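J.: Starting off with a structure, shown below.
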Amino acid sequence: MILLLGGTSDAEKIAHQLTKLEKPFIVSVATDYGVSVTKKYTDSVYQGRMDQEQMIKFIKERKITLIIDGTHPFANLVSENAIAASAISSIPYLRYERDTCQEMSGVTHVATSQEACELALKTTGKIYLTVGSKTMAEYVAQLPLERIKTRVLPVVSVIKELSALGLNSDHIEALRGPFSTELNVALLKNAEASVLITKESGTTGGILEKSEACRQLGIPCIMIQRPKVDYPHVIHDPEDVSDWLVKEWHK
C-alpha cells in the first residue's frame, strides 16, 4: 500500500498517476480541502495531522510500503516527519517537489515573516497577504489589523481560524484560484494594496501572475523563500512518478 501525503493540487496529479497505474494507495490530508481534491480518485482518505510517532504507527498498521510526499512546499515539518518515519520503518520515500521560479524582476526575497513584515511596514496602505492561513498568527502579531488584507481558500475551518485571530470580512478575501494576472491586478487595486507578501510556491501557486500584477501596479512584491529540506529522492513532474514506480519500485 502506498501512502500519499496530499492536500494540494500536486497530490491530485499524483493520485491520477497512481490510479492509471492501478496502484493501491491511501491519501493523508489535514483539511477538508485536501479531501475534496483527492476524493474522486480514492475513498481511502485519512484526515488529520500526524507527528513522526503517529506516522510510524500508521505505516505499521496500514502496511505501508512506500511514502509519496505531495504536500505544499511550506509543509516542511510534515515532510521531515515523513522522511524520518520512512527511514525508521525501512520503506522508501519519494518527494514530488514543484519547481521553483527563476529570478523575477521587482521581487524581493526574504527568509522569514519577520523580514517580510519589516519591509511591508515601510509602505503605507493595505498589506495584501497570500501566505495561507497556517502562519497568519505571525502576521497578525507583527502588522496593524487595519492594514491587513488576506486571500485564503473559502473553507469554513480556515475562516474560523482567521476569525479567532481577530480578522473579519474587512480583512479576508475567501477565493479559490487559479488567479490570472488581470484578476490579481483587480484584487490588489480593489484592496488599495501598497505591497504584496507571498510565498515561493512556484508556478503552481501562481507566483508569476502575482509578481507580474505587482509590476504592472508598481508596488513591491515580497516573497518568502521556501524552507530547505534534504529530500532522499525528488522528482519534479507528475509523469515522473509513474517512471519512478516502474523503474525503482516493484511492490
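J.: Please specify each residue of segment 140-160 satisfying the condition of being closer than 20 Å to Ala30 by Cβ and either surrounded by 14 or more Cβ atoms within 10 Å (Cβ to Cβ) or touching a Cys at 6+ places or on another chain (Cβ under 9 Å) (or both).
T.: Residues satisfying the conditions are Thr150, Arg151, Val152, Leu153, Val155, Val158, Ile159.
J.: May I pose another question? Checking the structure you have, find out if any residue of segment 176-197 is among the polar types (S, T, N, Q) and in contact with a Gly (Cβ under 7 Å, 6 or more places away or on another chain).
T.: yes
J.: Say whether the condition of being over 26 Å from Asp32 (Cβ atoms), in the same structural domain as Ala213 (by TED's automatic domain parsing) and not aromatic (Phe, Trp, Tyr) is met by at least one residue in segment 167-174. Break it down stepwise before answering.
T.: Keep residues of segment 167-174 that are over 26 Å from Asp32 (Cβ atoms), which gives none.
The answer is no; no qualifying residue exists.
J.: Another question, then. For the structure I just gave you, tell me whether Ser211 is in the same structural domain as Arg151 (by TED's automatic domain parsing), among the polar types (S, T, N, Q) and either in a helix (DSSP H, G or I) or in contact (Cβ under 8 Å) with a residue 12 or more places away in the chain (or both).
T.: Answer is yes for this residue.
J.: Could you list, in sequence order, all residues of segment 58-96 that are β-branched (Val, Ile, Thr) and within 22 Å of the chain's Cα centre (by Cα)?
T.: Ile67, Ile68, Thr71, Val78, Ile83 - these are the residues of segment 58-96 that are β-branched (Val, Ile, Thr) and within 22 Å of the chain's Cα centre (by Cα).
J.: On to the next question. When the residues of segment 24-65 are filtered to those that are modelled with pLDDT of 90 or more, in a loop (DSSP other than H, G, I, E, B) and charged (D, E, K, R), which remaining residue is surrounded by the most Cβ atoms within 10 Å (Cβ to Cβ)?
T.: Arg62
Residue-by-condition table, conditions (1) in contact with a His (Cβ under 9 Å, 6 or more places away or on another chain); (2) not hydrophobic (A, V, I, L, M, F, W, C):
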| site | (1), (2) |
| --- | --- |
| Thr19 | no, yes |
| Val37 | no, no |
| Tyr41 | yes, yes |
| Gly70 | no, yes |
| Ala84 | no, no |
| Arg95 | yes, yes |
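J.: Based on what the data block shows, is Leu208 crowded, with 18+ Cβ neighbours inside 10 Å and either under 30 Å from Leu94 (Cβ atoms) or not acidic (Asp, Glu) (or both)?
T.: Values: crowded, with 18+ Cβ neighbours inside 10 Å: no; either under 30 Å from Leu94 (Cβ atoms) or not acidic (Asp, Glu) (or both): yes.
It is false that Leu208 is crowded, with 18+ Cβ neighbours inside 10 Å and either under 30 Å from Leu94 (Cβ atoms) or not acidic (Asp, Glu) (or both).
J.: Specify the residue that is surrounded by the fewest Cβ atoms within 10 Å (Cβ to Cβ); the eligible residues are those in segment 224-237 that are touching a helix residue (DSSP H, G or I) at 6+ places or on another chain (Cβ under 7 Å) and not in a loop (DSSP other than H, G, I, E, B).
T.: Ile235
J.: Determine whether segment 81-89 contains at least one residue that is within 24 Å of Thr204 (Cα to Cα) and touching a residue at least 60 places away in the same chain (Cβ under 8 Å).
T.: Among the residues of segment 81-89, at least one is within 24 Å of Thr204 (Cα to Cα) and touching a residue at least 60 places away in the same chain (Cβ under 8 Å), which makes the answer yes.
J.: Still on this model: Can you tell me which residue within segment 135-154, out of those that are of a type in the set (A, V, I, L, M) and touching a strand residue (DSSP E or B) at 6+ places or on another chain (Cβ under 8 Å), is modelled with the lowest pLDDT?
T.: Filtering first and then ranking leaves Leu153.
The values are calculated or read from the model by the stated rules, or taken from the named source; none is laboratory data. Bear in mind the structure is a predicted one, so any value in this text is a computation, not a measurement. Glycine gets a Cβ as well: all are built from the backbone with ideal geometry, and neighbour counts include every protein chain shown.
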